[in-house]
1. Taking the residues in the range 14-67 that are in contact with a Pro (Cβ under 6 Å, 6 or more places away or on another chain) and in a loop (DSSP other than H, G, I, E, B) as candidates, determine which candidate is farthest from V222 (Cα to Cα).
2. Name the residues in the range 69-78 that are out of contact with any Lys or Arg (no Cβ under 7 Å at 6 or more places or on another chain) and buried (at least 16 other Cβ atoms within 10 Å of the Cβ), would you?
3. Could you run through the range 1-20 and say how many residues are touching a strand residue (DSSP E or B) at 6+ places or on another chain (Cβ under 8 Å) and either within 12 Å of ligand 1 (Cβ to nearest atom) or acidic (D, E) (or both)?
4. Only one of F183, F148, F207 is touching an Asp or Glu at 6+ places or on another chain (Cβ under 9 Å) and modelled with pLDDT of 95 or more. Can you tell me which?
5. Among the candidates P168, P114, P164, single out the residue that is surrounded by fewer than 19 Cβ atoms within 10 Å (Cβ to Cβ) and under 28 Å from R42 (Cβ atoms).
6. What pairs come out if I take residues in the range 182-206 that are under 22 Å from A110 (Cβ atoms) and of a type in the set (A, V, I, L, M) and pair them with residues that are at pLDDT 90 or above and within 16 Å of ligand 1 (Cβ to nearest atom) whose C-beta lies under 7 Å away, six or more apart or interchain?
7. Going by what's in this entry, would R62 be described as of a type outside the set (F, W, Y), surrounded by fewer than 18 Cβ atoms within 10 Å (Cβ to Cβ) and free of Cβ contacts under 8 Å to residues at least 12 places away in the same chain?
8. Across the range 78-97, what is the total count of residues that are without any contact (Cβ under 8 Å) to a residue 24 or more places away in the chain and of a type in the set (D, E, K, R)?
Amino acid sequence: IDTAIVVVAAGSGTRLGAAAPKAFVEVDDASILAHCLRGVFRARPAQVIVVAPESHLDEARRVALAEAGSAAGRVTIVAGGSTRQRSVAAGLAALDPEVATVLVHDAARALTPPEVIDRVADTVRATGHGVLPVLDVVDTIKRTEGDFIAASVDRSELAAAQTPQGFPRRALLDAYENATTDFTDDTAVVAEAGLPVRRVAGSEDSFKITTPADLARARDLVRRAPR
Ligand code: CTP
Ligand code: MG
């Protein structure tokens, strides 16, 4: 298998404010992590590396094996770090030797369609570039300076970044080895290293569960369309 998907699920979910780490909060009878992995295992076969909080390694393994079915042999669970970037780095350390294409995905984007995952992986393989799924920006965005509006920003030049973000293995590993600042997304890490990054179509369903309102939206979606 030449593709790996690193699912980062080691965050605490401060903005969600639930009792458990965010990935282990229930959407319906299944957690955010379980829903995310459901999409991952419906995409084409890949090594699946779940990066979980140290305190939840056993729980992450249980959830992953339940969702994996016959793909259980391709599941790896590792402990995360204090920032998203450190958690990604921990996941990258567990790549199988034969993997050539690496996708990095937020567990918090629990309802990401499998087609988006396949589109990102295919585009990495076809181009050798980094690949970012995006949505058009719908809001009017302003640049601010203190209490003042400094400038209008042309919306047509903007895109909202989602995950999974995909890369050729070597380029991603090199970029992570040389990263100087802490980024919240991986295309920023490889762009700093000079790798071109392409856009492909993301999905409205790939929204990140960040706040209680986002969780309510996810609950509403799975109630209407169980998966
Ligand atoms: N993440 C991680 N390790 C960290 C921080 C974040 O694996 N140290 C993961 C989260 O689990 C999540 C993804 O990165 O799937 C995106 O991060 P975010 O939505 O910010 O999640 P949290 O950091 O958990 O939430 P918050 O910022 O509100 O605390
Ligand atoms: Mg965070």
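1. Residue satisfying both the conditions and the ranking: P53.
2. Correct list: A71, R74, V75, T76, V78.
3. Residues meeting the conditions: 6.
4. Unique residue meeting the criteria: F207.
5. P114
6. Matching pairs, first to second residue: V200/P133; A201/P133.
7. Judged against the criteria, R62 is a match.
8. The qualifying residues number 1.
The values are calculated or read from the model by the stated rules, or taken from the named source; none is laboratory data. Quick caveat: nothing in here was measured; it's all calculated off a predicted structure. In this analysis, Cβ positions are derived from the backbone assuming ideal geometry, glycine residues included, and neighbour counts consider all displayed protein chains.
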